[in-house]
Amino acid sequence: MSSTAKKHNVRALLLCPRPVSMYPFFKHAKAMCRHWSASRAAKVLGVLLVVLGTSAATDPREADKDTTAIVQASYIYNIAKLVEWKDPSLKNGPFIISVLGSSNLYQELVKKYAEKSIGKQPIEVRKLPKSGDIDQCHILFVSQSELALLPVIYKGLEKKSTLVITEYPDALEDGSTVNFVRVSNTVKYELSVVNARKHKLEVGSTLVQLAYKAIQ
């Protein structure tokens, strides 16, 4: 089997990307823009207008039909298996995945992955209240609806070994380690190895190879 074919098989097995028919809804645009420069705010607001013109918020009652949440949950679980947390305090107890926003993603993680483990650590999925004060966790997903909180979150997690996952343009530049993007109507991920190292996270080579874009 060729190396290209092997890579394709590994991608299909580990991360299971699927076609996506909708994109999550933005909120709090004005509050968000106060935390960024004029150029960054204009860029993000431009994306906001496009999204608002083509998408609607997913009804939480239809979580089983939210393909974005299904694919993102699969990515998060498999990303967790391909990253090592160097902080000794995070090697014991439950493996905590916190979700800020996106009730559908939270439900999908609970339904399919809450009974699984990362290594010897059982997974614990938490739905966080709307706040920039984040308790210690291994992975934090912040949805587009909570962009206004990100400047405070990034600052508060500067010295913590938390892998931050986002879903907005240029997130890696702001401090995110993994960022979901939509390419040809399919969810993929960008990865910053640089940001991972800042949080004492060791990223596996497979995760880097399968990324849509990797900053090393």
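The values are calculated or read from the model by the stated rules, or taken from the named source; none is laboratory data. Quick caveat: nothing in here was measured; it's all calculated off a predicted structure. Glycine gets a Cβ as well: all are built from the backbone with ideal geometry, and neighbour counts include every protein chain shown.
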Using the structure shown, decide if Glu202 is free of Cβ contacts under 8 Å to residues at least 40 places away in the same chain and either among the charged types (D, E, K, R) or within 18 Å of Lys86 (Cα to Cα) (or both).
no
Pairs with Cβ under 8 Å, 6+ apart, first in the stretch 138-153 and over 15 Å from Tyr75 (Cβ atoms), second in a strand (DSSP E or B) and hydroxyl-bearing (Ser, Thr, Tyr):
Leu150/Thr166
Looking only at the stretch 190-216, count how many residues are surrounded by fewer than 16 Cβ atoms within 10 Å (Cβ to Cβ) and of a type in the set (Val, Ile, Thr).
3
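Considering only the stretch 161-187, state which residues are in contact (Cβ under 8 Å) with a residue 60 or more places away in the chain, crowded, with 18+ Cβ neighbours inside 10 Å and not polar (S, T, N, Q).
Within the stretch 161-187, the first condition is being in contact (Cβ under 8 Å) with a residue 60 or more places away in the chain, and the residues that meet it are 161, 163, 165, 167-170, 178, 180, 182, 185-187.
Right, trim to crowded, with 18+ Cβ neighbours inside 10 Å and you get 161, 163, 165, 167-168, 178, 180, 187.
If the condition is that a residue be in contact (Cβ under 8 Å) with a residue 60 or more places away in the chain, crowded, with 18+ Cβ neighbours inside 10 Å and not polar (S, T, N, Q), then Leu163, Ile165, Glu167, Tyr168, Val178, Phe180, Val187 are the ones that fit.
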Test: residue in the stretch 121-130 that is under 21 Å from Ser205 (Cα atoms) and charged (D, E, K, R)
no
So for the stretch 84-95 (the condition being touching a residue at least 40 places away in the same chain (Cβ under 8 Å), in contact with an Asp or Glu (Cβ under 7 Å, 6 or more places away or on another chain), under 28 Å from Val183 (Cβ atoms) and assigned to a strand (DSSP E or B)), does at least one residue qualify?
yes
Cβ pairs under 8 Å, 6+ apart, first in the stretch 64-82 and in contact (Cβ under 8 Å) with a residue 24 or more places away in the chain and in a helix (DSSP H, G or I), second acidic (Asp, Glu) and surrounded by 21 or more Cβ atoms within 10 Å (Cβ to Cβ)
Ala69/Glu108; Ile70/Glu108; Gln72/Glu108; Gln72/Glu167; Ala73/Glu108
What is the one condition in (1) under 26 Å from Leu210 (Cα atoms); (2) of a type in the set (Gly, Ala, Ser); (3) within 16 Å of the chain's Cα centre (by Cα) that Ser117 does not satisfy?
(3)
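Conditions (1) touching a Phe, Trp or Tyr at 6+ places or on another chain (Cβ under 7 Å); (2) among the charged types (D, E, K, R), marked per residue:
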| residue | (1), (2) |
| --- | --- |
| Leu82 | no, no |
| Leu90 | no, no |
| Gly101 | no, no |
| Tyr106 | no, no |
| Tyr113 | yes, no |
| Val125 | yes, no |
| Ser131 | no, no |
| Asp135 | no, yes |
| Val142 | no, no |
Go through the stretch 87-112 and give me each residue that's buried (at least 20 other Cβ atoms within 10 Å of the Cβ) and of a type in the set (Ser, Thr, Tyr).
Ser98, Ser102, Tyr106
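Please work out if Tyr113 is farther than 22 Å from Ser192 by Cα and modelled with pLDDT of 95 or more. Give the steps one after another, and end with the answer.
Details: farther than 22 Å from Ser192 by Cα: yes; modelled with pLDDT of 95 or more: yes.
When the stated conditions are applied, Tyr113 passes them.
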